[in-house]
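Here is the structure we will look at, set down as structure tokens.
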Amino acid sequence: MRKILVVMLTLSLLSPIPNSSAAKKLAPSEAKAGAPCLIKGLTAATLDGPVLCDKKWKLVTEKKDSVETRAYRIVLKEYLSNPEGALSLVIKLDPKTPSWGSRIKKGMEAGARLWGTSPVGSPTKFAYISADGEWIFKEAQADGFIDDNRKEEIFRNDCQAGWNGADDPTKSFWFFKFAETFCITNVGYFQVPAHEYTHYAQDALSQYLWGKTPRVPWLDEGLASYIGAALGPMSDMRNDLRSMWVGQMRRGVKNLDFFSKSEELVYKSPNWQDVYAQGAIANEALVALIGITGVKAIYTSLSKSGTTYDAAFIANTGIGVDSWTALLQGYVDSVKSYKPWSLEKLQDAYKAKKTT
Ligand SMILES: [Zn+2]
């Protein structure tokens, strides 16, 4: 009897322990290094670094970086190198806001940590989050940031968010108003908190001259979109927005060149939406080449009155806006056709521009 019992115990120790979660194949949106994955060759962003699917999600080594993974690696490193902690932000959340409100807050804080533009001691900035535009208006009015004149202009739509009043730093604030459930189901929502924070970073780095300098929309909007999406893993938002950007970009009709000029016809164009997806992919390449340090330097250069974006690009990167537009269009087209340039090819194309 005793012998049989021993054999049975041994057998039961050898048999696999059923564990459904261990076998679950994780989509990019929930990727974790070491966990099984579905489609070979897919990449994803995690807090441990960029990962690539090859039966399991495997961390990508720096040597094997694509443009996409190099850019994300740079963002993650910059984010982690800045301390988590007190920020000069007052984020007012309507107590009636559904759970998306706290995710917006977290995304704003992730943006502030990445850019480092809200340390304690810097100007305190306010944000208002609610499904109810009236609540936002009353709060912002009580804090002295808004009057009746601007009420209509900023609360027109059901789904609306923004860094508002960049032309006057004493009146500027963020608001996030998502009145309907469909507002929080798309790529526009998932990247919005760090996107809008990035607009403040652009404003603060340029010492509030950002709103007074003719802009380059593919840089301003594209960088905000790229960072908004790249900080997904840091802000409890989806981390697979890139594939949505690529899908949108393939449907777009206007090239980056159209979005390189700060003109009324660009901002009012029915194709204005194209700037977000295409600009995000263009800025992925820009970040892969010059880093967060490089883009920060461009905005900091604008803080010297009279400096144009072109001069800021030349001073910090060696080439001007037109050269960048052409270079990044090459990368954007390669992504659009599902044959993305390698990191090396992008780096070579940049070097070639610098020497011509
Ligand atoms: Zn924007």
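Please treat every number below as a calculation from the coordinates, not as lab data. In this text the structure is predicted, and so the values were computed from the model without any measurement. Cβ: placed from backbone, ideal geometry, glycine included. Neighbour counts: every protein chain shown.
Amide H contacts under 5 Å for residue 161: 177, restricted to partners 5 or more places along the chain or on a different chain, H placed in the peptide plane at 1.01 Å from N. With all pairs of separate Cα atoms included, the chain yields a Kirkwood hydrodynamic radius of 21.8 Å.
When only Cα pairs below 8 angstrom with a gap of at least 6 residues are kept, segment 82-354 shows a relative contact order of 16 percent. Which residue fluctuates the most in the chain, going by a Gaussian network model with Cα springs under 10 Å, if the choices are 200, 72, 208? Taking springs between Cα atoms under 10 Å, the residue moving most is 208.
Just the ratio, please: alpha-carbon radius of gyration of segment 123-197 over 2.2 N^0.38 Å, N its number of residues.
Working: Rg = 12.0 Å, N = 75, 2.2 N^0.38 = 11.3 Å.
Scaled against compact globular proteins, the figure is 1.05.
When 242, 250, 215, 150 are arranged by Cβ crowding within 10 Å, least crowded first, meaning fewest neighbours, the order is 250, 150, 215, 242. Residues whose amide H comes within less than 5 Å of that of residue 273, counting only those at least five positions distant or on another chain, are absent (H built at 1.01 Å from N in the peptide plane). The calculated FRET efficiency for residue 254 paired with residue 77, based on their beta-carbon distance and R0 = 30 Å, is about 0.35.
Around the amide H of residue 26, modelled in the peptide plane, lie the amide H atoms of 37, 38, all under 5 Å away and 5 or more residues distant in sequence or on another chain. Go through 49, 311, 205 and say which Cα lies farthest out towards the positive end of the charge dipole of the chain; charges sit on Cβ, +1 for Lys and Arg, -1 for Asp and Glu. About the Cα centre, the residue reaching furthest to the positive side is 49. Using the Cβ-Cβ distance between residue 148 and residue 352 with R0 set to 56 Å, the FRET efficiency from 1/(1 + (r/R0)^6) comes to roughly 0.55. In the chain, the DSSP beta bridges split such that about 60 percent are antiparallel, to the nearest 5.
Put a plus charge on the Cβ of each Lys and Arg, a minus charge on the Cβ of each Asp and Glu, and nothing anywhere else: the dipole of the chain about its Cα centre is then about 1780 debye.
For the chain, modelled as a GNM whose springs connect Cα atoms under 10 angstrom apart, the maximal fluctuation among 58, 304, 106 occurs at 304.
Between residue 300 and residue 132, what length in nm is gained on full extension when 0.36 nm per residue of separation is reduced by their alpha carbon distance?
Numbers: separation 168, 0.36 × 168 = 60.48 nm, distance 3.59 nm.
Fully extending the segment from residue 300 to residue 132 adds 56.9 nm.
Note on the chain: dipole from Cβ charges, positive end direction compared against 108, 59, 149; the farthest Cα belongs to 59.
The C-alpha atoms of the chain define a longest principal axis, and helix 67-81 lies at about 80 degrees to it. When the pairs 24/339; 96/125; 268/353; 106/296; 24/345 are compared against a 27 Å limit on Cα-Cα distance, 24/339; 268/353; 24/345 fall above it. Dipole of segment 82-354 computed with +1 at Lys/Arg Cβ and -1 at Asp/Glu Cβ about the Cα centre; of 239, 271, 302, farthest Cα towards the positive end is 239.
Straight-line cross-link partners of residue 25 among the lysines, defined as a Cα under 24 Å from its Cα and at least 8 positions apart when in the same chain: 40, 55, 56, 58, 64.
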